[in-house]
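Since the structure comes first, as structure tokens, the remarks are kept for the end.
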Amino acid sequence: MRLSSSQVEANKRETGHFFGAQAKIWLSGSREDKHQHGFTLVELIMTIIIIAILAVVAAPRFTDSDAFQSRGFADQVQATLRYAQKVAIAKRRYVCADFPTASSVKLTYDPTAPSITHTTMAACPGGSALTSPSGDSYPISSDRALFFTTPSAFYFDALGKPSIAQIITISNVPANIAIEAETGYVH
């Protein structure tokens with residue numbers, strides 16, 4: 001059966017296809033327009049299982065704050081020692097890092113004697129307390145049961161080199177803080 005041109009045009013407008021209703025049925029796979037919305041039961045159950053597994057693994061990490069605070073104190077000590085080295089270079093003075101208690105760090109410097117006049121120092125000078133750029137004073141200390149493994153006092157000279165190499169261990173922190181002898185790199 002041959003369709004007239006007016007019938008072809010009417011069929012195009014009706015179905016949106018040149019080939020008519022048969023092509024629309026063939027492309028969609030059925031005679032009805034199926035509009036599926038939502039998720040299947042299997043998808044919902046799998047999502048709930050994944051969320052439950054993540055909650056079981058992640059929940060203990062958020063409730064145990066001691067590990068976070070221990071690592072935070074170690075990072076603060078490391079940043080303090082890096083700051084001491086930078087101040088020694090910038091002011092061309094000896095900057096002393098002292099550990100007066102087992103859980104505190106105190107920074108001092110001698111404002112009168114440039115480090116280029118001394119070759120070495122026997123011990124850290126009394127000097128002035130070093131303050132941070134925001135005006136906070138050092139020492140820093142931990143309010144937790146954290147302690148150092150008795151590091152000895154040392155100083156940075158005007159080149160940023162430490163008087164002795166140090167490896168500082170803080171309790172409950174898996175990583176150590178190391179200060180390299182030649183470069184003064186604190187890591």
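Taken together, the values in this text are just the output of simple stated rules run on the coordinates, not laboratory data. Source: prediction; values computed, not measured. We place every Cβ from the backbone using ideal geometry, glycine too, and count neighbours over all the protein chains shown.
Things to note:
- Interchain or long-range residues, amide H under 5 Å from S103's placed H: F148
- Nitroxide proxy distance, nm - points 7 Å out along Cα→Cβ at V56 and H187: 3.9 nm
- Estimated from the Cβ-Cβ distance and a Förster radius of 41 angstrom, the FRET efficiency linking D64 and A90 is about 0.55.
- For segment 66-179, the calculated P(r), taken from all Cα-Cα distances in 10 Å bins from zero up to the bin holding the longest distance, is 15, 48, 30, 7, 0 percent.
- Summing charges over all other residues whose Cβ lies under 13 Å from the Cβ of A158, with Lys and Arg as +1 and Asp and Glu as -1, gives +3.
- Rounded to whole numbers, the Karplus 3J(HN,Hα) couplings from phi for segment 94-101 are 6, 10, 9, 10, 10, 10, x, 10 Hz, using 6.51 cos²θ - 1.76 cosθ + 1.60 with θ = phi - 60°, and x at Gly and Pro.
- Under 5 Å between amide hydrogens, built in the peptide plane, is the criterion, and for G184 it picks out nothing among residues at least 5 positions away or on other chains.
- Nonlocal amide H pairs with Y94, under 5 Å, H built at 1.01 Å: D110, S115
- Scalar couplings 3J(HN,Hα) for segment 76-82, obtained by applying the Karplus form with A = 6.51, B = -1.76, C = 1.60 to θ = phi - 60°, are 5, 5, 4, 5, 5, 5, 5 Hz; x denotes Gly and Pro.
- The HN-Hα couplings worked out from phi for segment 170-187 by the Karplus form 6.51 cos²θ - 1.76 cosθ + 1.60 (θ = phi - 60°) are 10, 4, 6, 10, x, 9, 8, 9, 10, 10, 6, 6, 7, 9, x, 4, 9, 8 Hz, whole numbers, x standing for Gly and Pro.
- Ranking of R93, R61 by count of other Cβ atoms within 10 Å, fewest first: R61, R93
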